1. Looking only at region 185-228, count how many residues are charged (D, E, K, R) and at pLDDT 95 or above.
2. Take Gly429 and tell me if it is at positive phi, modelled with pLDDT of 95 or more and more than 26 Å from the chain's Cα centre (by Cα).
3. Looking at (1) within 16 Å of the ligand (Cβ to nearest atom); (2) crowded, with 19+ Cβ neighbours inside 10 Å; (3) under 22 Å from the mean Cα position of the chain (by Cα), which is the only condition Gly179 fails?
4. Take Val464 and decide whether it is exposed (fewer than 15 other Cβ atoms within 10 Å of the Cβ), of a type outside the set (Ser, Thr, Tyr) and within 14 Å of Ala326 (Cα to Cα).
5. May I ask you to list the residues in region 203-230 that are surrounded by fewer than 17 Cβ atoms within 10 Å (Cβ to Cβ) and more than 16 Å from the ligand (Cβ to nearest atom)?
6. When region 198-247 is examined, which residues are found to be of a type in the set (Val, Ile, Thr) and within 19 Å of Pro124 (Cα to Cα)?
7. If I go through region 331-357 residue by residue, how many of them are in contact with a strand residue (DSSP E or B) (Cβ under 7 Å, 6 or more places away or on another chain) and within 16 Å of the ligand (Cβ to nearest atom)?
8. Select from region 55-98 the residues that are under 14 Å from the mean Cα position of the chain (by Cα) and among the β-branched types (Val, Ile, Thr) and list them in ascending order.
Amino acid sequence: FAQTATVSIDADNPGDTIEPEIYGHFAEHLGRSIYEGIWVGEDSDIPNTDGFRNDVLSALQELEVPVIRWPGGCFADEYDWRDGIGPREDRPRRINTHWGWVIEDNAFGTHEFLNFSEMIGADPYVAGNMGSGSPREMSRWFEYMTTDMDSTMGLLRAENGREEPWDVPYFGVGNESWGCGGNMLPEYSAQEHNRYATFIDTDWTKGQEVKRVATGANIDDYAFTEALMELGRYNLMDAISLHYYTFTTAWEDKGDAIGFSDEDWASVLKNSLRMSELIDKHTDIMDEYDPDNRVDLYVDEWGTWYNSTEGSPAGFLEQQNSIRDALVGGLTLNIFHRNTDRVKMANIAQMVNVLQASILTDGERMLRTPTYHLLNMYKPFRNATPLPATVDGDDFTIGEFTLPYVDVSVARGEDGKLVMALVNLSPEGAVTVRTGINGTASGSILTAPAMDSHNTFDNPDNVVPADFSSSNSRGRLTFDLPPRSVAVVIIEE
Ligand code: AHR
C-alpha cells in the first residue's frame, strides 16, 4: 500500500531563471580537500595532469561545476596570497591554524587554483583576506590575477608563467567576519566591507566586471543582514553571503553520517528544510532596503556537517555521505529554485573529502558519493525557469519530527521541456505521485536499500542512479517513488 500525493503546477507565474551558479562548489585548504583531493603534485604516482589528479578532474568535468569558491572559509582570512606564487620550492611553510594545525606548504596557490578552474571549466570565486590582511594586499592580489597591463603585478604574473590575465568574475571580501574572519560586530563588518571593496577594482574602460561579495550572516543572525543592508554601499556590494550547515541536532550535537536512527534521519531532513525559512527572513530584510534587487544572496556555504569519521585526523572534517545526504541536496536545491529572485549562487561545502563532499579519495582510489550523483541528476535545471508547484499529500511523523512525504520542484528548460524533481522523504513508505500532465517522462532515480546506504572504496557503485520513468494513469503522468528516493525527469508534453 503506497501513499498518494498530487502535484499541481502554476505555469502562469514563472520565477527568475535558475542560475547555474547555484550548483557551485566550495574548496578550502582544509584536511584532504586540496592536498590529495585535487592536488597531488607532478611527481606523484597517482595519475595526474600538471599535478592535478586525473580521476578527480574528469569527475568534475562531467559534473560541469559552474563556479568554485576558494581558498576558504576560515582559511581565507589567514591566507597571504604571496605565499602561493613563484617557484614551489621557495614557497613558505605556514601553519594552517584553523584546520588541524598542520603545515601548509603553499604548493597549491593562485596559479594552481585558477588553472584548475580553467581545466574543469568553472568560474573562479576567490575569497580575499579582510580579517588579517590589508586592503592593499587584497587589491594587489586582484590586480595580479586580472590585469592585462605591464604593471609590476602583471609582469610578476607573467614571470610566474601566466601571460594572459585570468577572468575572476567573483571576489569575496573576507569570510565569516562575525567569527573566524575577525570576530567583528555587524556594523563594523559592513564598514570594513565598504573600505576593502573600494580597492577591488576593474578596468571599467574595458567593460570588465567583478561581483564583490560581502561576508554575511550565519544562520539566523538577521541583525547582521540588517547592518549590511543598511550600511553597505550597494555600488560596492553585488551580493551578500549566507552560511547554513545542517547538523543532526545542533553544532554541539552534529550526529553521525552513517549508522544513525530513524529519528536522526528525520531530524536532518527537517533541519535541511530550515533553509527555506532562513532565506525568507534574510530576503525580507533585503527587500526592505533594496526593493530593486541590486544585491544578490549567495548561500556560499551549505551542506551537512556531522561528527568526523572515527580515526580521521582532528580538524579535517571528514565524513561519509549517504542517500540521506543526497536527499538533503535535493531538498536544498528545490528551495534555491523557489528563491531565484535573490539566490543567484550557492556553494556546497565542500568539493572533495570534506563535509558533504561530492568526491572521496583514498590514496589512488576515488569514489563519487550520492551527493555527486544528485548534483549530476539536477543538471537539467540549470538556466531553466522555475514554475511554482505544490504537493497535496500527507505528512509522516517520526518522534518529534513531522515531515511531508514528498517535495517537488518543476521548471521549464531552455528547450521548452518540463523538468521535475521529486523527493520522497520517508525512510519506509513508497508514494505514488499524480500529476495533471499529459505526456511521457523519463530520467533517473537515486534510492538505496537502507537509510545510510553509501559508497565505499570497495563498493563505489552501491548507490548510483537508475533509469526512471512515469506510469500513465488515464492519460496523466504518475510516478511511483520508492522510500528514500530522489528522481529527476524530463517531461515531453
Ligand atoms: O566549511 C568549513 C568552515 O565552515 C569554513 O571554513 C567556515 O567558513 C565555516 O565556518
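1. Filtering region 185-228 down to residues charged (D, E, K, R) leaves 187, 192, 195, 201, 203, 206, 209, 211-212, 220-221, 226.
Still in the list and also at pLDDT 95 or above: 187, 192, 195, 211-212, 220-221, 226.
Residues that pass the stated criteria total 8.
2. Working: at positive phi: no; modelled with pLDDT of 95 or more: yes; more than 26 Å from the chain's Cα centre (by Cα): yes.
Answer is no for this residue.
3. Result: Gly179 passes all but (2).
4. Numbers: exposed (fewer than 15 other Cβ atoms within 10 Å of the Cβ): yes; of a type outside the set (Ser, Thr, Tyr): yes; within 14 Å of Ala326 (Cα to Cα): yes.
Considered against the rule, which asks whether it is exposed (fewer than 15 other Cβ atoms within 10 Å of the Cβ), of a type outside the set (Ser, Thr, Tyr) and within 14 Å of Ala326 (Cα to Cα), Val464 comes out as yes.
5. Selection gives Asp203, Trp204, Thr205, Lys206, Gly207, Gln208, Glu209, Tyr222, Ala223, Glu230.
6. Step one: filter region 198-247 for residues of a type in the set (Val, Ile, Thr), giving 198, 200, 202, 205, 210, 213, 215, 219, 225, 240, 246.
Within region 198-247, Ile200, Thr202, Val210, Val213, Thr215, Ile240 meet the criteria.
7. Within region 331-357, residues that are in contact with a strand residue (DSSP E or B) (Cβ under 7 Å, 6 or more places away or on another chain) and within 16 Å of the ligand (Cβ to nearest atom) number 12.
8. If the condition is that a residue be under 14 Å from the mean Cα position of the chain (by Cα) and among the β-branched types (Val, Ile, Thr), then Val65, Val67, Ile68 are the ones that fit.
The values are calculated or read from the model by the stated rules, or taken from the named source; none is laboratory data. Keep in mind the model is a prediction, meaning the values are calculated, not measured. Neighbour counts run over all protein chains shown; Cβ positions are idealised from the backbone, glycine included.
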